[in-house]
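Chemist: Shown below is the structure under consideration.
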Amino acid sequence: MLVNKKYDSDTIVSFKLVNGDEIVAKVINETDTGYEISKPCTIVPGQQGIGLMQSLFTGDLSLSTTVISKTHVMFHAKTVKEIENHYIKTTTGIEPVSAGSIVV
């Protein structure tokens, strides 16, 4: 039997959808049939690298969440730190800082 560990609330996750889109979103809750997410952004490749674009242009996602059905997800994984930081900056305007190193 295969057992999948569910994501903790507020984990930023990358989803590859069956239509080929890749989205990054904060997981609020995971059920047997879907993922409740907030502020989904679509990955957009560009000349300067990867960009993020709001997935629902006309939806007011600051006040609500949306659900992605697991039948529409091919695979998913916790988002890498660089894209997670870019997602936080894109959705909140806050630029995360990385821990500095101490030079002796």
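Values quoted throughout were computed directly from the atomic coordinates according to the rules given, and no laboratory measurement underlies them. The structure presented is a predicted model; accordingly, all values stated were derived computationally and were not measured. Backbone-built Cβ (ideal geometry, glycine too); neighbour counts: all protein chains shown.
Chemist: Principal axis lengths of the range 1-101 from Cα atoms, whole Å, largest first?
Modeler: 43, 38, 29
Chemist: Which of T58, T42, T92 comes first, and how do the rest follow, when ranked by fewest Cβ neighbours within 10 Å? Please list the in-between numbers first.
Modeler: On the way: T58 5, T42 16, T92 10.
Ascending Cβ contact count within 10 Å gives the list T58, T92, T42.
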